[in-house]
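So the structure is just underneath, and the comments pick up after that.
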Amino acid sequence: MRIDLNADLGEGFGPWRMGEDEALLDVLSSANIACGFHAGDPLIMQRTVEAALARGVDVGAHVGFPDIQGFGRRRMDVPAPELAAMVTYQLGALAGIARAAGHRMTHMSFHGALGNLAAAEASVADPLVEAVARFDPEVTIVTSSSRAIEGAAARCGLRAAITFLADRAYHADGLLVPRRLPRSVIHDEAEVLQRVRLLLTEGVVVTYEGERLPTKADSILLHGDTAGAVDLARTIRREIEAAGGSVVPVSRIA
């Protein structure tokens with residue numbers, strides 16, 4: 001079993017930092033880096049890319065709505081062509097910074113409200129995934145389970161890597177439970193670890209509704225802004241290795 005372990009990083013702004021990015025990069029195999037729309041700025045992006053390169057960690061663009069104050073977790077009414085242009089803009093920003101640092105952008109993912117919207121609605125996923133394909137057909141889309149995004153990726157000839165959000169609840173249809181609902185975010189470390197063990201050993205997740213949902217995962221995602229994220233990442237990595245798996249960057253998972 002080869003599986004990627006990744007987190008959303010670079011989510012500070014100016015002198016404000018969020019999460020322990022340096023420590024997490026010692027544990028992760030891939031990093032999703034904020035591109036300035038929901039968080040991040042050029043210098044934070046550059047430093048995060050350089051730190052990832054020094055550790056052999058893949059980097060990808062974590063693109064979202066232009067919503068720094070709401071951390072990209074508020075839905076915005078933006079026409080599809082404008083949203084597609086915003087995706088291209090953010091991909092270009094990270095790809096350019098990575099290239100200048102001697103690294104390369106291997107993947108991308110949709111953040112927060114934009115990710116939830118694209119995952120649920122094909123009319124949103126289609127133009128955004130097409131924008132990714134036009135930008136770079138070699139980029140992998142890292143996404144939670146989503147017929148809309150996975151279908152769009154297949155039509156565009158893009159690889160989609162399915163990531164399991166260890167600290168987020170799932171509905172029976174495989175989509176994430178909205179954050180406005182109670183227990184949509186799982187804070188108890190023991191419960192998060194139990195979910196990871198169940199995924200690794202049985203390939204299922206217990207849904208919000210209490211059902212056992214078969215779940216495919218190429219990657220396990222942690223939120224870097226969660227309290228205790230570094231210790232949790234180390235524990236999850238140990239769980240993967242104890243189960244006979246190896247942690248590898250998303251670009252090395254066939």
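The values are calculated or read from the model by the stated rules, or taken from the named source; none is laboratory data. Note that this is a predicted model, so its numbers are computed, not measured. Positions of Cβ are backbone-derived with ideal geometry, glycine not excepted, and every protein chain shown enters the neighbour counts.
Quick check on my filter: what residues within region 235-254 are more than 18 Å from A161 (Cβ to Cβ) and loosely packed, with under 15 Cβ neighbours inside 10 Å?
R238, E241, A242, A243, G244
In this structure, is D67 among the acidic types (D, E), in contact with a strand residue (DSSP E or B) (Cβ under 9 Å, 6 or more places away or on another chain), at pLDDT 95 or above and more than 25 Å from G245 (Cβ to Cβ)?
Details: among the acidic types (D, E): yes; in contact with a strand residue (DSSP E or B) (Cβ under 9 Å, 6 or more places away or on another chain): no; at pLDDT 95 or above: yes; more than 25 Å from G245 (Cβ to Cβ): yes.
No; evaluated as a whole, the condition is false for this residue.
Test G40 against the criterion of being touching a residue at least 60 places away in the same chain (Cβ under 8 Å) and buried (at least 16 other Cβ atoms within 10 Å of the Cβ), and give yes or no. First the steps, then the outcome.
Working: touching a residue at least 60 places away in the same chain (Cβ under 8 Å): no; buried (at least 16 other Cβ atoms within 10 Å of the Cβ): yes.
In short, no.
Search region 204-231 for residues that are basic (K, R) and pair each with any residue that is assigned to a strand (DSSP E or B) and surrounded by 19 or more Cβ atoms within 10 Å (Cβ to Cβ) when their beta-carbon atoms are under 8 Å apart and the residues are at least 6 apart or on different chains.
Sorted first by the residue in region 204-231, then by its partner, the pairs are R212/V205.
Is it true that some residue in region 185-203 is closer than 18 Å to N116 by Cβ and at pLDDT 90 or above?
If we filter region 185-203 for residues that are closer than 18 Å to N116 by Cβ, which is where we start, we get 185-186.
Now narrow it down to the ones that are at pLDDT 90 or above: none.
The answer is no, given that none of the residues of region 185-203 is closer than 18 Å to N116 by Cβ and at pLDDT 90 or above.
For region 36-92, give me each residue that is among the small types (G, A, S), in contact with a Ser or Thr (Cβ under 9 Å, 6 or more places away or on another chain) and within 19 Å of T143 (Cα to Cα). Before the answer, list the steps.
Let us first name the residues in region 36-92 that are among the small types (G, A, S), namely 36, 39-40, 51-52, 54, 56, 60-61, 64, 70, 72, 80, 84-85, 92.
Applying the additional criterion that residues be in contact with a Ser or Thr (Cβ under 9 Å, 6 or more places away or on another chain) yields 40, 52, 56, 60-61, 80.
Result: G60, A61.
Let's see how each residue does on (1) farther than 28 Å from A217 by Cβ; (2) surrounded by 21 or more Cβ atoms within 10 Å (Cβ to Cβ):
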| residue | (1), (2) |
| --- | --- |
| V87 | no, yes |
| Q90 | no, yes |
| L94 | no, yes |
| A98 | no, yes |
| G102 | yes, no |
| E121 | no, no |
| V132 | no, yes |
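Out of region 7-40, which residues are polar (S, T, N, Q), over 15 Å from V63 (Cα atoms) and part of a strand (DSSP E or B)?
Residues of region 7-40 that are polar (S, T, N, Q), as a first pass: 29-30, 32.
Subsequent filtering for residues that are over 15 Å from V63 (Cα atoms) retains 29-30.
Scanning region 7-40 gives a single hit, S30.
Within region 47-85, can you find the residues that are farther than 17 Å from L222 by Cα, in contact (Cβ under 8 Å) with a residue 40 or more places away in the chain, part of a loop (DSSP other than H, G, I, E, B) and of a type in the set (A, V, I, L, M, F, W, C)?
F65, I68 - these are the residues of region 47-85 that are farther than 17 Å from L222 by Cα, in contact (Cβ under 8 Å) with a residue 40 or more places away in the chain, part of a loop (DSSP other than H, G, I, E, B) and of a type in the set (A, V, I, L, M, F, W, C).
With respect to A152, is the statement that it is closer than 13 Å to F110 by Cα and not in a loop (DSSP other than H, G, I, E, B) true?
Details: closer than 13 Å to F110 by Cα: no; not in a loop (DSSP other than H, G, I, E, B): yes.
When the stated conditions are applied, A152 does not pass them.
Would you check which residues across region 155-174 are part of a loop (DSSP other than H, G, I, E, B), modelled with pLDDT of 90 or more and touching a helix residue (DSSP H, G or I) at 6+ places or on another chain (Cβ under 8 Å) and list them?
If the condition is that a residue be part of a loop (DSSP other than H, G, I, E, B), modelled with pLDDT of 90 or more and touching a helix residue (DSSP H, G or I) at 6+ places or on another chain (Cβ under 8 Å), then G157, L158, R159 are the ones that fit.
Out of the residues in region 131-149 that are in contact with a Ser or Thr (Cβ under 9 Å, 6 or more places away or on another chain), of a type in the set (S, T, Y) and in a loop (DSSP other than H, G, I, E, B), state the one that is farthest from G112 (Cα to Cα). Quick ask: steps written out before the conclusion?
The first filter runs over region 131-149 and keeps only residues in contact with a Ser or Thr (Cβ under 9 Å, 6 or more places away or on another chain), leaving 131-132, 134-135, 138-145, 148-149.
Adding the requirement that they be of a type in the set (S, T, Y) leaves 140, 143-145.
Those still in the list that are in a loop (DSSP other than H, G, I, E, B) too: 144-145.
On the way: S144: 11, S145: 14 Å.
Filtering region 131-149 for residues that are in contact with a Ser or Thr (Cβ under 9 Å, 6 or more places away or on another chain), of a type in the set (S, T, Y) and in a loop (DSSP other than H, G, I, E, B), the one farthest from G112 (Cα to Cα) comes out as S145.
A7: touching a His at 6+ places or on another chain (Cβ under 8 Å), on the phi < 0 side of the Ramachandran plot and touching a residue at least 24 places away in the same chain (Cβ under 8 Å), yes or no? Don't jump to the end; show me each part of the working.
Values: touching a His at 6+ places or on another chain (Cβ under 8 Å): yes; on the phi < 0 side of the Ramachandran plot: yes; touching a residue at least 24 places away in the same chain (Cβ under 8 Å): yes.
Against the criterion (touching a His at 6+ places or on another chain (Cβ under 8 Å), on the phi < 0 side of the Ramachandran plot and touching a residue at least 24 places away in the same chain (Cβ under 8 Å)), A7 qualifies.
Tell me which residues, restricted to region 23-66, are out of contact with any Asp or Glu (no Cβ under 8 Å at 6 or more places or on another chain) and on the phi > 0 side of the Ramachandran plot.
Once the filter is applied, which keeps residues that are out of contact with any Asp or Glu (no Cβ under 8 Å at 6 or more places or on another chain) and on the phi > 0 side of the Ramachandran plot, region 23-66 yields G36, G56.
Looking only at region 180-228, which residues are touching a helix residue (DSSP H, G or I) at 6+ places or on another chain (Cβ under 9 Å), part of a loop (DSSP other than H, G, I, E, B) and surrounded by 14 or more Cβ atoms within 10 Å (Cβ to Cβ)?
I186, T215, A217, D218, G224, T226
In region 11-28, how many residues are touching a residue at least 40 places away in the same chain (Cβ under 8 Å) and either surrounded by 24 or more Cβ atoms within 10 Å (Cβ to Cβ) or not small (G, A, S) (or both)? Can you show your working first?
Here is the first cut: in region 11-28, the ones touching a residue at least 40 places away in the same chain (Cβ under 8 Å) are 11, 13, 18-21, 23-24, 27-28.
Restricting the remaining residues to those that are either surrounded by 24 or more Cβ atoms within 10 Å (Cβ to Cβ) or not small (G, A, S) (or both) gives 11, 13, 18, 20-21, 24, 27-28.
Qualifying residue count, region 11-28: 8.
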